[in-house]
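Have a look at the structure below, then the notes.
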Amino acid sequence: MSHKFIPYQQKELTSEEQLTNSKAFYEHLDKRRSVRDYSDKPVDMEVIENIIKTAGTAPSGAHKQPWTFCVVSNPELKSKIREAAEIEEKKSYGSRMSDRWKADLEPLGTTWEKPFIEIAPYIIVVFKRVHETVEGEKRNNYYVNESIGLACGMLISAIHNAGLVTLTHTPSPMNFLGKILNRPENERAFLLLPVGHPKSDAMVPELDRKKLNELCIVYK
Ligand code: IYR
């Protein structure tokens, strides 16, 4: 069944507006940092809903939108998730990660301890939907990793735009998240993000980003 096609209209910007807007957007996103120190200051649920709706505007393979965003504010669930994540992380930092990997993380100050899971007012656990069941039949989704990665990028940008902070936490393996949150078998945990305000004395490592000439090659 084909979609009905409708006209697409977007306000055309002048070259000056394009320059101003693109520069302002870049400068705004360049201020985003992964933050590990959270305050427990509450955040309006409607803000979180807007952030998730923004992530849901991402493009996806055959427009299958292969994602589910679980928002957890329940303290008991957050504690369970923290406990399970720290069990995995302790094993990872203890023996699963190579010495090279641990050396690469050292300057970032990460450890197996994940207090932010309990302190931040929300955690968002993003699940990828590897298949759907349509009329009792299993149908695989397409480009699921690409699609969910795009949605997470937009999620992170929307969190920053709302004046909040986040961190992409990747406990590994993370199948415990599907179990604790009681997700169906077609969903796999992809990313865990705390969302909230930074602690007033939050610190971040001083990092450089690649310069344009290091990250972009132009073919004229
Ligand atoms: N998953 C662990 C380890 C970790 C790995 C990378 I690559 C990072 O950039 C940061 C942390 C954790 O979330 O702490």
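Nothing in this text is a laboratory measurement; each read-out follows from the coordinates by a stated rule. What you see is a predicted model; the values in this text were computed from it and never measured. Heads up, the Cβs are rebuilt from the backbone with ideal geometry, glycines too, and the neighbour counts pull from every protein chain shown.
Relative contact order (percent) for segment 79-220, with alpha-carbon contacts under 8 angstrom and 6 or more residues of separation?
31 percent.
Exceeding 18 Å between C-alpha atoms, which entries from my cross-link table qualify? They are K90/K179; K64/K138; K4/K128.
Among K90/K179; K64/K138; K4/K128, the Cα-Cα distance tops 18 Å for K90/K179; K4/K128.
Please compute the net charge surrounding L29, taking Lys and Arg as +1 and Asp and Glu as -1 over other residues with Cβ under 15 Å from its Cβ.
Surrounding charge for L29 is +4.
Using every pair of alpha-carbon atoms in segment 59-129, split the distances into 5 Å bins beginning at 0 and state the percent of pairs per bin, rounded to integers.
3, 14, 17, 16, 15, 15, 13, 5, 0
Can you order the peptides 40-48, 153-161, 122-130 by their average number of other Cβ atoms within 10 Å per residue, highest first?
Highest to lowest by the protection proxy: 122-130, 153-161, 40-48.
Compute the Rg/Rh shape ratio of the chain: radius of gyration over Kirkwood radius, all on alpha-carbon atoms.
We get a ratio of 0.99 for the chain.
To the nearest 20 debye, what charge dipole does the chain have about its Cα centre, counting +1 at the Cβ of each Lys and Arg and -1 at the Cβ of each Asp and Glu?
Taking the Cα centre of the chain as origin, the dipole is about 460 debye.
How charged is the neighbourhood of N186? Take every other residue with its Cβ under 11 Å from the Cβ of N186, and add Lys/Arg as +1 and Asp/Glu as -1.
+3
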